[in-house]
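Visitor: I'd like to ask you about the structure that follows.
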Amino acid sequence: MMRKLIFVLACLVALAAGAWLSSWVQQRNASPDIQGMVLSEPRAFESFRMTDDAGAAFTEADFQGHWSLLYFGFTYCPDICPMTLAVFSQLKNMLSDTGRANTRFYLVSVDPARDTPERLHDYVRFFDPEFRGLTGPVRELDKLTAAAGALYVIPGDTDREDYLVDHSSTVTLVNPEGKVHAVFTAPHTAEQLARDLTQVVARW
Ligand code: NI
């Protein structure tokens, strides 16, 4: 109960900060009209070392050279995560050939204890053979969530087989310099993401 309350409060604080920031950003930058916000100053990741779903090391340098859409979730999530990955799959199919070639899709696990690279691999590929998964120790994961503006709470009683991890539902856009560029807020649809992504990329 307490944990839920803390998470809700954290989300409210994040939302308030987001609203404040987005009004500020739009005044400064005439930011495009998207469901979310473009950062006035793209944000670099602190150096991190995760593992991708093929078992290879993955660092902030691996985000360079293409656009990346990041979703922070976990494979045991009963509803929102599979829905978002299904939206990603539709979105990918809506992009132009160039857009598809220049965009990568990632599920970043907020449940590293259960989401092994193998498990992530099977999971993301169920939605699309080119989707990627990232997992790693909490201290590394936290470097991604901090820059991406994502939140999660792993419960204390992870001995239970069916524990759930509360997590935010934003989609984070990383630019080809490997910096956090924009955040799209839920609820997500493929149409909304396609429109917003196209606008943001066109202005880069
Ligand atoms: Ni989820």
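The values are calculated or read from the model by the stated rules, or taken from the named source; none is laboratory data. Just so you know, these numbers come straight off a predicted model, no measurement behind them. Quick reminder, even Gly has a Cβ in these numbers, built from the backbone with ideal geometry, and neighbours come from all protein chains shown. SASA here: full protein model, heavy atoms, side chains in, ligands and nucleic acids out. Shrake-Rupley method; radii C 1.70, N 1.55, O 1.52, S 1.80 Å.
Visitor: Identify the single condition in (1) at pLDDT 95 or above; (2) more than 23 Å from Ala190 (Cα to Cα); (3) open to solvent by 20 Å² or more (accessible area, probe 1.4 Å); (4) touching a helix residue (DSSP H, G or I) at 6+ places or on another chain (Cβ under 8 Å) that Ala86 does not satisfy, given that it satisfies every other one.
Guide: So the condition that Ala86 fails would be (2).
Visitor: Residues that are within 12 Å of the ligand (Cβ to nearest atom) and either open to solvent by 30 Å² or more (accessible area, probe 1.4 Å) or not hydrophobic (A, V, I, L, M, F, W, C) (or both): does the range 124-146 have at least one?
Guide: Residues of the range 124-146 within 12 Å of the ligand (Cβ to nearest atom): none.
Checked the range 124-146: no residue is within 12 Å of the ligand (Cβ to nearest atom) and either open to solvent by 30 Å² or more (accessible area, probe 1.4 Å) or not hydrophobic (A, V, I, L, M, F, W, C) (or both).
Visitor: Okay, next question. Among the numbered criteria (1) in a helix (DSSP H, G or I); (2) of a type outside the set (Gly, Ala, Ser); (3) in contact with a strand residue (DSSP E or B) (Cβ under 6 Å, 6 or more places away or on another chain), which one does Leu141 miss?
Guide: Every condition holds for Leu141 apart from (3).
Visitor: A further question follows. Looking at the range 160-171, is at least one residue more than 16 Å from the ligand (Cβ to nearest atom), at pLDDT below 95 and of a type outside the set (Lys, Arg)?
Guide: yes
Visitor: If you don't mind, there's one more thing I want to ask. Output the number of residues of the range 67-83 satisfying the condition of being within 9 Å of the ligand (Cβ to nearest atom) and aliphatic (A, V, I, L, M).
Guide: Count: 2.
Visitor: Let me ask another. Being among the aromatic types (Phe, Trp, Tyr), modelled with pLDDT of 95 or more and open to solvent by 40 Å² or more (accessible area, probe 1.4 Å) is the requirement here; does Phe105 meet it?
Guide: On the way: among the aromatic types (Phe, Trp, Tyr): yes; modelled with pLDDT of 95 or more: yes; open to solvent by 40 Å² or more (accessible area, probe 1.4 Å): no.
Criteria not met by Phe105.
To keep it simple, each residue is scored yes or no on (1) within 14 Å of the ligand (Cβ to nearest atom); (2) touching a residue at least 60 places away in the same chain (Cβ under 8 Å); (3) not small (Gly, Ala, Ser).
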| site | (1), (2), (3) |
| --- | --- |
| Leu39 | no, yes, yes |
| Phe45 | no, yes, yes |
| Val87 | yes, yes, yes |
| Gly99 | no, yes, no |
| Arg114 | yes, no, yes |
